[in-house]
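No value in this document is a laboratory result; all are computed from the given coordinates. Computed from a predicted structure; not experimentally measured. Backbone-built Cβ (ideal geometry, glycine too); neighbour counts: all protein chains shown.
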Amino acid sequence: MVERREALAKMFSAKGSNVNTNRGAEYYDSLMQTMTKRLNELEKTEVATKNSIANVLEAEGLTRRDFMKWASATCAALMLPSNFTPLVAKAAELMNRVPVIWLELQDCAGNSEAILRSDAPTIDELILEVISLEFNETIMVAAGHQAEEHLEEAMKTFKGKYLCVVEGSIPTGMDGYYGTIGAKGETFEEHLKHVSHNAAALVAVGTCATFGGVPAAAPNPTGAVGVQDIISGKPIINIPACPANPANITGTILHFVLTGQIPELDHLNRPKFAFGYRIHDNCERRAHFDAGEFVEEWGDKGAQNNFCLYKMGCKGPMTFNNCSIVRYNEGVNWPIGAGHGCIGCSEPQFWDKYAQERPMADTHFKAPTGGVEKTVDEFGLGLLTAAGIGIGIHAAASAMAGKKDNEGEA
Amino acid sequence: MSKSQHIIVDPITRIEGHLRVEAVIDENNVITDAFASSTMFRGIETILKGRDPRDAGLLAMRICGVCTGTHYQRSIEAVEDAFDITIPKNARLVRNLVQGALYIHDHVVHFYHLHGLDWVDLVDALKGDPKKAQEESFKWCRTPYGVSESELIQVKERLTKFVKQGRLGIFSNAYWGSKAYKLSPEQNLIATAHYLQALDLQRDAAKLMAIFGGKMPHPQSFVVGGVTCVQDIQNPARIAQFKTLLKKFTHFIKTAYLPDLAMAGVEYVDEALDGTGAGLKNFMSYGDFRLDDTGFYNSELLFPSGVVLNGDLSKLHPFDQTKVAEDVTHSWYDAKGPQHPYDGTTNPNYTGLEKKDDGYSYLKTDEKYSWIKSPIYDDTRVEVGPLARMVVGVAAGDKRITKYVTNFLALLGDKLGLGKPAPTAALFSTVGRTAARAIETELMADVMLEWVDELAANVAAGDLSTWTEFDFDKVAKDTKGHGLAEAPRGGLGHWVKIKDGKIENYQAVVPSTWNAAPRDHKGRMGAYEASLIGTKVADVNQPIEILKTVHSFDPCIACAVHIVDTKGKELSQFKVNTSCSI
């Protein structure tokens, strides 16, 4: 896994992407100061759990060196220069200061399941183990009144300090009664407001919690919305995808520990370290796209030779996420690897725009990247060149992803 | 205590989804009445209407993140049934392998990480002596998994550190020390070691699904007509990787999971023999896992379909999908009476909870009290799940299933010192329901190894076909079909009607619809409710016995998503119906 992380690091630090990975010495000096200050403050605070990364490493038979290798790769994944590595390592060690309360609303538990199955040899997982996971309905032992009591206790003990992770959308139709929880029959909206009130920040995981997801697909029968539509006045980080990649959840929590702030976000509040690239940019089948070699029918010769899935409806060119680099289930595979196109699951309203097996040109939806795809079918494969397509899409995409840069956020 | 109490357990944790149970407990601490209620909806069938049937599987899969691949496949198979498409052999085997991987992953995670903590006292394990525990482990298995003295010392140290640091996180405020726990400290230590090892190993089972599925949860390699992962099946390294991971996980199943079940079966044998949690004793299986390529509803099946009534294994009633009906007398909908899924209507009628002086809101149990409808088979309430599959398999005289069930009962009889196999009737209980899941896991792991070899041999013989070609414009006009199969937790069916190439109507009746349903029009209880009646609780303030029995069904409630719109009126002229309540 460490090797894969290093490959990741290389990818993320490559020049010429649409994410600004070199902001100049002044910027990084100031960031370093902020982070050091933050970590010093954090170090002085009460621990949420006395378990430490050292204990966990020891129990797992991992060396300090393994850990530092991981920290170095993670540093790059967060798009920080390598001299930040010691800070990242320190942040990981301080993660036991960050209590996490995980709420499930209109969900399918897919994101909880994804976290259970995240990377081995599991340093990422260990980090999740050493955070203090105070509440998660899927795996916690206590139920009913005992579960509710513990939630209240944790919220009180960690007032203003805990991260509230939310999985699932919030129904607003019928006064919110499409979802209730607890002996008092609190609606999901009331429950979310109650728990988020004293949270340090909210992390919406999965496309339901971020943009409404499946329940919000047309005609949105329950009036489902995402966390950012309900909660204001709190930092909110969106980690979409169906389910969210556990590596991106871990990365975000780590960034929070590191800086006490939310990571740099794009215009949809997604962390740029994960959502700064399109699937298409780093796709293993990209060369076939550039060469005009496409799968034309499921299981055909093209499919047997890993050709590009664009004509089978792949939405990689419209979708910002790092699946093509991080992949899934310990990197064992990912949808395009298994011969099926991307369905755009980290984009808003993807069920109504992207989640079908025909190219965009065959649907009545307009691609946000300016209809570049039409050229594939209208002008034929002969006109397809890497430059033509690449420049067109990049121009539009960079304009979207880079929008926040001009607004001067951290 | 002098009179009966009415208690609420909400949220029921360690399940998928949102579930509430209310129980009436008498002065002798015996449950005399019980009510199960689903408290969440999304409306996925409504969302599916008007979409291209070829895309339905991707969306229908999001009904549930746990049995995710099952919904995906059933939805696609409903469309294939409608289009009369028979998929190639490679596609059938790939689907069987992905579903099989889902079973063994799901069952192991269910036992150790969700259900296990109803049987195993994690904190009591701290008192366990590693040396004695190692000796204990040999009682249950000749070659026990990962519980040597040195391994147990490490587990104990890790656990001690965790408990000492003061905050138990997800293990907080639980029922540690309760009289309901019956394992010895050493046995608890063994099971705790396996809890931690399984947490690590289950990732491998998830990888099994991802090898041919792309990712897990929510795989992405099935399409109407077949599968897309042709380059994965033609790559010998992929097949080898699959086999290696499968063998590793199978080893855990045989030397940890099954022995632990035998151990729990012996220590909790009183609860098995007195039938605690037996419930309805009517069992139904839709049938699943095609073993040949003769097409839908013709193929020989790994799990036969059928119905067994009143625990009578001597008579198997054939399953007929036209006898499925749903009633909404106690569900938050209006309808005239029980309706077949194809003719169902959905008129939401949410009547809410009743707030009482104690500050809590109670179900109005005489009226409507759940978003789950009440499915009925041939005017009978039935249970679905691994126990139902094993019972139906034995009643059907299936050799493979009978062999695995008999082996386990013999093992249990031996460990109990009976001098003969444990009685089959012991399976009709909460303990038996949990044991049936383990029996099925071993069977599935073994048969998957046969399938992967069959797949490799077929590909090696030059068959690379993964997709059956069809002309969408010709097949998709006006048609309908159903995909009826078995999810890890029971019978899962999708029904689809297609008009002018678009989905006109979509319905799903799934495991937890059957099991977690409220009462029906005749006042008959659903499976959860019935199984709770007569259970004695040690402490009314600690719902551990309720959790144990409800968990034995492996609830998955997210699929209890009915069709409702924001104004609470009927959404369309089409007959939209309930989905599951996994």
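Whose amide H sits under 5 Å from the amide H of B:Ser552, counting only residues 5 or more places off or on another chain, with H placed in the peptide plane?
Amide H neighbours of B:Ser552, under 5 Å, 5+ apart: none.
Can you put B:Glu267, B:Glu136, B:Glu45 in order of Cβ neighbours within 10 angstrom, beginning with the fewest?
B:Glu267, B:Glu136, B:Glu45
When a footprinting reagent is the concern and you count Cβ atoms within 10 Å, what order do A:Leu80, B:Leu416 take, fewest first?
Sorted ascending by nearby Cβ count, the order is B:Leu416, A:Leu80.
Could you tell me the distance between the Cα centroids of the range A:285-350 and the range B:53-112, to the nearest Å?
Centre-to-centre (Cα) distance: 20 Å.
Taking the range B:213-372, how much of its Cα-Cα pair set, in percent, is spaced more than 23 angstrom apart?
Value for the range B:213-372: 71 percent of Cα pairs lie more than 23 Å apart.
Run the numbers for B:Glu151 and B:Lys164: contour at 0.36 nm per residue of separation, minus the present Cα-Cα distance, in nm.
Between B:Glu151 and B:Lys164, full extension yields 2.7 nm more.
What lysines does B:Lys477 reach when the alpha-carbon gap must be under 20 Å and sequence neighbours fewer than 8 apart in one chain are set aside?
By straight Cα distance, B:Lys477 reaches B:Lys49, B:Lys497, B:Lys499, B:Lys502, B:Lys575.
If each residue's Cβ is checked for other Cβ atoms within 10 Å, how do B:Leu418, B:Leu93, B:Leu189 rank with the fewest at the top?
If I rank by nearby Cβ atoms, fewest first, I get B:Leu418, B:Leu93, B:Leu189.
Run down the lysines and flag those whose C-alpha is under 22 Å from the C-alpha of B:Lys164, throwing out any fewer than 8 positions away in its chain.
Once the sequence-local lysines are set aside, what remains near B:Lys164 is A:Lys44, A:Lys50, A:Lys156, B:Lys127, B:Lys156.
Is the shape of the protein assembly as shown best called rounded, prolate or oblate, per the rule: a/c under 1.5 gives rounded, else a/b larger than b/c gives prolate, else oblate, with a ≥ b ≥ c the square roots of the Cα gyration tensor eigenvalues?
Rounded, because the longest to shortest axis ratio a/c is under 1.5.
Using modelled amide H (1.01 Å from N, peptide plane; none on Pro or chain starts), what sits under 5 Å from the amide H of B:Asp334, excluding residues fewer than 5 places away?
Those qualifying (amide H under 5 Å, at least 5 residues apart or on another chain) are B:Asn347, B:Asn349.
Report Rg(Cα)/(2.2 N^0.38 Å) for chain B, keeping two decimals.
0.95
Tabulate in residue order the Karplus-calculated ³J(HN,Hα) for the range A:138-149, using 6.51 cos²θ - 1.76 cosθ + 1.60 with θ = phi - 60°, rounded to whole Hz; enter x for Gly and Pro.
Once θ is set to phi - 60°, the couplings for the range A:138-149 become 5, 10, 6, 7, 5, 10, x, 4, 5, 5, 5, 4 Hz.
Testing the spin-label approximation: label points 7 Å from Cα along Cα→Cβ at B:Ala240 and B:Asp358. State their distance in nm.
For the pair B:Ala240/B:Asp358, the computed spacing is 6.3 nm.
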